[in-house]
Amino acid sequence: MDKIPGKKIVEKAERTGNEVPIPLTRRRLGLVELLKRTAKEVGEDHLAAFAGNLTYKTLFALFPTFVFLLSLLGLFGAPNLLQDLVNQARGVLPAEAVSLIEEQLLGIAGERAPAAFTTGAIVSILLALWGVSGGFRSVMEAMNVMYEVEEERSFVKQVLISILLFFGVAALLLSALGLIVFGPEIGGAVADAVGLGGVFQLVWNIVQWPVLILFVTLAFALIYYLAPDAEQRFRFVSPGSIAAVVLWLLFSLAFSVYVERSGSFNATYGTFAGIIILMLYIYYSAFIVLVGAQLNQVIEDAAPEGKNEGEKTLNE
C-alpha cells in the first residue's frame, strides 16, 4: 500500500535542507475514505482468518477460565459472583449462549468445593492461562501484520505480555460488571445515609452504562497498546477502541434479537444450537476487535506524526 503523503515529505525536506514550509495541510482523511481504506486493509491483512483462529483459541480457554475464576472468587468468599455477572450478560448476549455458559458453570460448581484449589482446578488454571495466552498471541500476530512489523520479542516475553493482557482486560471487565452488580447496593446505602437515596437512584440509572462502556473501551485500548511489537500512542489507539466498542455493542444487541426471533438455529442445529451460537458470537466479536485495531493503523498511517508501515519506534 502506498504511504499517504505527509511524514515522508517532512523527512525528505529535512534531508535536503529545505526550510521552506511544505504544504502538509493535505485534505484530512474523510470518513468515507477512512472506511474504504480500512475495508481494503481488512481484506489484505486477512483479518477474517485471524478471527477464526482467535475463536478456536478462545473456545479452548473459555471453560478452564471459568474454573480459574470460580476458584479465585471462592478464595475471596464470593463464589456466586460469577453467576451474578453471567446474569448481567443476559441483556447483551444471545440467550442460548448465556444458557450454555450457565450450564457449564453450574456443572463446574457442583463438582468441586467452592474455595478449593484441587488438582483438577490447578490443571484447568494452567490450561486457561495457556489458552488465553494463545488467544492474545493471535491478536499480537494479527496486529504485527497490520503494522507490517516483524515479531522480535522472545517467546517468553510474548507469553508474559499475553498473560498480562489477560489479567488487565479481565480486571477491567470484571470491575465494570461488578460495578453494575454491586454499585446500586453500595451506592444506595451511602446515599441513604446522607439522605440522597432518590437522587442516587436517578443518577445511577443514567451513568451506569456509560461507565460500563468506558471500562470496556479501556480494555480494548490496552490490547491495542500492548499487543503489537511497536511503540504506540494512546491518541492512535483511542479511535479504534471507541469505534470497536460501539460496533460490538450494536452487533451484540442485533445478534441477540436475531437469534431469539429467527429460531432457525434450533431448527437447524438442534442440541448443538447453543455452541454454534456461542462460536458465531465469539467469531464476530473477535473480528470487530481486529477491525478496531486496523482502523487505528489506517488513522496513524495517514497522520504526518504517525509511524510509517514497518516502523516500530515513535518519532517525537
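Taking segment 198-305 as the region of interest, the helices (runs of 4 or more DSSP H) fully inside it that hold 1 or more residues being surrounded by 20 or more Cβ atoms within 10 Å (Cβ to Cβ) and touching a residue at least 60 places away in the same chain (Cβ under 8 Å) are 234-262, 273-302. On the stretch given as segment 244-256, residues that are out of contact with any Pro (no Cβ under 9 Å at 6 or more places or on another chain) and either farther than 26 Å from Gln297 by Cβ or of a type in the set (Gly, Ala, Ser) (or both) total 3. Out of Ser175, Ser138, Ser162, one residue alone is among the hydroxyl-bearing types (Ser, Thr, Tyr), at pLDDT 75 or above, surrounded by fewer than 17 Cβ atoms within 10 Å (Cβ to Cβ) and in a helix (DSSP H, G or I). It is Ser175.
The values are calculated or read from the model by the stated rules, or taken from the named source; none is laboratory data. All figures in this text were calculated on a predicted structure; none of them were measured in a lab. For neighbour counting, all protein chains shown are included, and Cβ atoms are generated from backbone atoms with ideal geometry for every residue, glycine included.
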